[in-house]
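Following: one structure in structure tokens, then a few remarks.
Read-outs: derived from the displayed coordinates by stated rules, not from any lab. Just so you know, these numbers come straight off a predicted model, no measurement behind them. Counting neighbours? That spans all protein chains shown, and the Cβs are built from the backbone with ideal geometry, glycine included.
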Amino acid sequence: MHAWTMQHRVDQRSIGLVPTMGALHEGHLSLVQASQRHCDATVVSIFVNPTQFGQGEDLDRYPRTLQQDLELLAAEQVAAVFVPDSEEIYPAGFSTFVQPPAVANSLEGVHRPTHFRGVTTIVAKLFLIAPVTHAFFGRKDYQQWKVIETMARDLNFAIEIVACDIVRQADGLALSSRNRYLGTAARRRALLLNQALDRVVAAVGRGESQPRDLERLMAETLCPGSGAGVDAVDYATVVDAETLAPIERIERPAVALIAAWVDQTRLLDNRLL
Ligand code: AMP
């Protein structure tokens, strides 16, 4: 993978990397298409990274659909797909990790305390294995994008981090590999995340600028534990769009972020304000 990437660099060709955990959907393919537009060649990595899953999370049941993924990527005519084994990435004795930046400490960092350490470590390793010119990430995982952008800057990776918009189904549900876990009734309740965010956007449009009021609106819409609502909310909050720090008023770009549970499935969604 390193030699292949270096050959492109020697030939002065730009290369885009799209890191994924597989179970590909249109959201992933939108990153691939952005890379194909921006760069001379695209490489997609597929690796269900064990170090970003916590104890008791869904590592074992995470969907793995490699044959179908390869067919989708063949249709996009990507130049290469990198599918390493866990033992290649984390050989016996592996013990070096990348300490995530401060922007990783809130939100996901509170609810999944070892998650971003796994993300920064695998993404740094991918950037070193495949020293590409560009790397593409979805705003679906908004905090992850900020963590990687900051890591790339802090550690001087000479890789341009490109963010892509969230791809949704027609009814607004943000595409996610984990949507495969949802049955029909659960999927209907999963729509509440996007509906809560729609209400926030509408309220901001009417002049609402108090994060606390917007957070109340989201909590009312998500209605956790009511049966008709989601089962639990990890957070539903409005914070600064760059630092993810709490704000008193919306005066600069802000972002509304939700992490909520429907049955045993943890769902994320967000909207820039
Ligand atoms: P994952 O396979 O879940 O690790 O995601 C790989 C990349 O695809 C990440 O950069 C995600 O943010 C991005 N992604 C996942 N779902 C979507 C979506 N619905 N829209 C845009 N990007 C997405």
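Tabulated results
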item	result
Bridge type composition, the chain - antiparallel percent by DSSP, nearest 5	55
Cα-derived Rg over Rh, computed across region 155-256 with Rh taken as Kirkwood radius	1.02
Sorted largest first, extent of region 1-53 alpha carbons per principal axis (Å)	37, 24, 12
Distance in nm between pseudo-label sites at ASP198 and ASP213 (7 Å out along the Cβ direction from Cα)	2.2
Compactness relative to 2.2 N^0.38 Å, alpha carbon Rg of region 48-135	1.24
Overall dimensions of the chain as given by Cα atoms, namely Rg and Dmax in Å	18.9, 59
Value of Rg to Rh for region 1-158 (Rh from inverse mean 1/r over Cα pairs, i.e. Kirkwood)	0.94
Over region 167-273, relative contact order from alpha-carbon pairs under 8 Å, at least 6 apart, %	25
Over region 17-83, relative contact order from alpha-carbon pairs under 8 Å, at least 6 apart, %	44
Distance histogram for region 177-225 (every C-alpha pair counted, 10 angstrom bins, percent rounded to whole numbers)	25, 44, 23, 8
At least 27 Å along the helix axis (C-alpha) and Kyte average at least -0.5, DSSP helices within the chain	184-205
Viscosity 0.692 mPa s, 37 °C: Kirkwood-radius Stokes-Einstein D of region 111-168 over Cα pairs, µm²/s	277
R0 of 30 Å, Cβ-Cβ distance ALA74-PHE94: FRET efficiency to nearest 0.05	0.40
